[in-house]
Amino acid sequence: MWIDLVFWAGFAGLLWVNRSRPVFWPLLALGLLLLFNRFTTPGFFDLEIRDGRLYGSLVDVINQGSKVMLLALGMTLVIATGGVDLSVGAIMAIAGAVLAQVVGVAHLSVTVAIVAALAAGLLAGAWNGLLVAGLRIQPIVATLILMVAGRGIAQLITDGQIINFEQPALVFLGNGSLFGLPFTLTLVLAMFIFTALLVRGTALGLFIEAVGDNETASHFTGLSAQRVKFLVYVFAGFCAGLAGLVAASNIKSADANHAGLYLELDAILAVVVGGTALTGGRFQLAGSLVGALLIQTLSTTLYARNVSADIAPVPKAIVILAVCLLQSPVLRGKIARLGRFLPKTKGGAA
Amino acid sequence: MKKLRLSPQTIPMVASVAVLIVLYVGGCLAFDNFGSLRVLINLFGDNAFLGVAAIGITFVILSGGIDLSVGAVVALTSILIAGLIGHGLHPLAAIAVSLAFGAAFGALMGTLIQVFELPPFLVTLGGMFLARGLGFVVHPESLSIDHPFYGDFVSQTLSLPVTRKLSIPFTAVCLVAVVIGATMLARWSRFGRNVRAIGSSEASARLMGVPIARTKILVYTLAGALSALGGVVATFYMQSGNPASFVGLELDAIAAAVIGGTLLRGGVGFIPGTLVGVLILGVIQTLIIFQGTLNSWWTRIAVGGLLFVFILLQQLITRRKK
């Protein structure tokens, strides 16, 4: 009971603190969804401690959502430059394949495997960056190439086999817990802090926004737009590699066909729902994480309510389109015009 | 000496035809029976649903947009038809309902894109999720179509006999008919000109008095209808409907359009080129089946590689023009 009260008070406080920030809207949507679950989905907020770790739907949201959150961090920066990366799901498959191949078939150490998998992610990101920045191919098209070929490459690495592994350190990565919470939460937070420091602690974030806002203008201010673009794709590749490690660790094997399937779409949606416009410019790193949590909470809610996994895309699509419509300047304009004839509402003030 | 000059529009087309010929002739030289008429006919028949859907997506790309919902709409239509026939509706009525549904679905996405100025990428992504899920709402698994119309009429009566044993399946006839119709629509109709004008530059098109909103909504409506038609053709081919099928079909369709010479930034494209692109994908698949030892994932790598080469070619051409 007390925990319940503290949770909602905390959430309300979070909303109040962020009332004039762009992250308010996705946070509000997340809060409403949680509130809906609080009263209609039995057991959604139940937490129990077994063997020193927490179990419950909320923990599932964090653990399952960690992959999308990791992808969303990289994707935010890519979208901020006015691009998009469709290949992150395929890169996850490649990284997982490299990981499994190195530990499962070549029998090298776990460290080597992790480094190799992350390097594969970096390399894949560099390839995308080369196409977008070096050859100046439109991002959708450039990353489409790896999206189409990536799973084939992953199959090539594992020779079409599903390779299992048992190494405790690798299993811990996606299934272990730290301080009672999933280790993936620590991983996501560490990556978030690293990314935030990278883009807000240095001028890099400003450069990214400048390139996304107006590439020509940023060129005239002496910025190497192509170098900035190259870097964001490499970073997205790295994040995808990390997400690929978590995905492989979750199932203790590399599945080139299904690892990260459709996650590029979830990541893009998380970023857009989080308040970063697809046209580039301003970006909301924290918003993207909230967006990822929102999408994952939605999925978990549907599963908790016994909606078949196959039908789950329908409510997901409706929420996505609704959030996009809410962010549409045209609709906002119409509402604002309407609002002049109506008494002021709380929603209109924020 | 008169020098042969190719305009930037025709270079990718010539290149893709050359690739198709090289792959096909190479296959004929490497494998017995590859050059047989049966393989050639199957190339059209087996890829008909992809071809029809790819032509719809070509129109969207011509207008400067993108449609990611294609594969899901094809799957949804196939299961919708199977479900409606299962409930006792006549196949022709079921097909009519599905085509109308596809068109309405496309129109809805087009309206969201045009009226609320949402990015096509995002709206059609939502459309993809929606159509994929709705397919499972109609029927959660594969449903075979058991109706004399499908069994005898479409697969027997409507196919064109070539020799005593060999006939051209109706799906291939559908594909050729759609290609001819779409080519005429793109080349010689006011709608086709408007679409390309918008794809080249929406601002200029607006100043020229092109009805932007109507044309763009119509483009997505057409793509939705053609995706639905792809689903109809798929039911002819499979004699069943399956909500889980055709995952990633949109990627193949986009790849076919690009390989066939449609510029992804819009404005430049050629409908028969998309057919060539579809045939190239089909030949690659057939080659890998004939080869026997290569895994099917080599198809994905080959398509990705080809996509890269053609995109590079597009890039070189557009840069030279500047």
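Work out the mean other chain Cβ neighbour count within 10 Å for the residues of A:301-310 and drop it here as an integer.
2
Rounded to a whole number, what % of the accessible area of the protein assembly as shown do carbon and sulfur atoms account for, probe 1.4 Å?
Here carbon and sulfur together make up 67 percent of the probe-accessible area.
Let a ≥ b ≥ c be the square roots of the eigenvalues of the Cα gyration tensor of chain A; is it rounded (a/c under 1.5), or, if not, prolate (a/b larger than b/c) or oblate?
oblate
Could you tell me which residue out of B:Leu122, B:Gly64, B:Ala53 lies farthest along the dipole of the stretch B:1-125 toward its positive end? Charges go on the beta carbon: Lys and Arg +1, Asp and Glu -1, centred on the Cα centre.
Highest projection toward the positive end goes to B:Gly64.
Note the buried accessible area between A and B here, summed over both chains, with a 1.4 Å probe, in Å² to the nearest 100.
3600 Å²
I want to check the label-to-label distance for A:Ala190 and A:Asp213. Put each point 7 Å from Cα in the C-beta direction and report it in nm to one decimal.
3.5 nm
Charges at C-beta only: +1 for Lys and Arg, -1 for Asp and Glu. How large is the resulting dipole of the protein assembly as shown about its Cα centre, in Debye rounded to 20?
Its charge dipole is roughly 2480 debye.
Using a Förster radius of 56 Å, what is the FRET efficiency between A:Arg19 and A:Phe220 based on their Cβ-Cβ separation? Nearest 0.05, please.
Once rounded, the FRET efficiency stands at 0.90.
Lys and Arg at +1, Asp and Glu at -1: add these up for the other residues within a Cβ distance under 14 Å of A:Ile251 and post the number.
Here the charged neighbours net out to 0.
At a 10 angstrom cut-off on C-beta neighbours, averaged per residue, how do the peptides A:207-216, A:8-17, B:274-283, A:184-193 rank from highest to lowest?
Highest to lowest by the protection proxy: B:274-283, A:207-216, A:184-193, A:8-17.
Which of the three applies to the stretch B:10-317, rounded, prolate or oblate, going by the alpha-carbon gyration tensor with a ≥ b ≥ c and a/c under 1.5 meaning rounded?
Verdict is oblate for the stretch B:10-317.
Would you jot down the residues in the stretch B:297-313 that end up with at least 40 Å² less accessible area in the complete protein assembly than in the chain alone, with a 1.4 Å probe?
SASA drop of 40 Å² or more in the stretch B:297-313: B:Trp297, B:Arg300, B:Ile301, B:Leu307, B:Phe308, B:Ile311.
Peptide A:137-148: average number of partner chain Cβ atoms within 10 Å per residue?
6
Give the average, rounded to an integer, of partner chain Cβ atoms located within 10 angstrom of each Cβ in B:119-129.
6
If you rank B:Phe236, A:Phe230 by how much accessible surface each has, with a 1.4 Å probe, what is the order from largest down?
Putting B:Phe236, A:Phe230 in descending order of accessible area: A:Phe230, B:Phe236.
Let me spell out the model: positive unit charges on the Cβ of Lys and Arg, negative unit charges on the Cβ of Asp and Glu, origin at the Cα centre of chain B. What dipole size does that give, in debye rounded to 20?
With only Lys, Arg, Asp and Glu charged at Cβ, the dipole is about 1580 debye.
Under 1.5 on a/c is rounded, so check that first for the protein assembly as shown, then, if it is not, pick prolate when a/b is larger than b/c and oblate when it is not; a ≥ b ≥ c are the square roots of the alpha carbon gyration tensor eigenvalues.
rounded
Of the options A:Thr40, A:Thr111, A:Tyr233, report the single residue whose Cα projects farthest towards the positive end of the charge dipole of chain A (beta-carbon charges: Lys, Arg +1; Asp, Glu -1).
About the Cα centre, the residue reaching furthest to the positive side is A:Thr40.
Using a 1.4 angstrom probe, figure out how much accessible area the protein assembly as shown has per residue, in square angstrom, rounded to the nearest whole.
With the other protein chains kept in place, the protein assembly as shown gives 44 Å² per residue.
The values are calculated or read from the model by the stated rules, or taken from the named source; none is laboratory data. These numbers were taken from a predicted model, which means no experiment stands behind them. All Cβ positions, glycine included, derive from the backbone under ideal geometry; neighbour counts span all protein chains shown. For the accessible areas, the whole protein counts, side chains as well, though only heavy atoms, and no ligand, DNA or RNA atoms are used. Shrake-Rupley method; radii C 1.70, N 1.55, O 1.52, S 1.80 Å.
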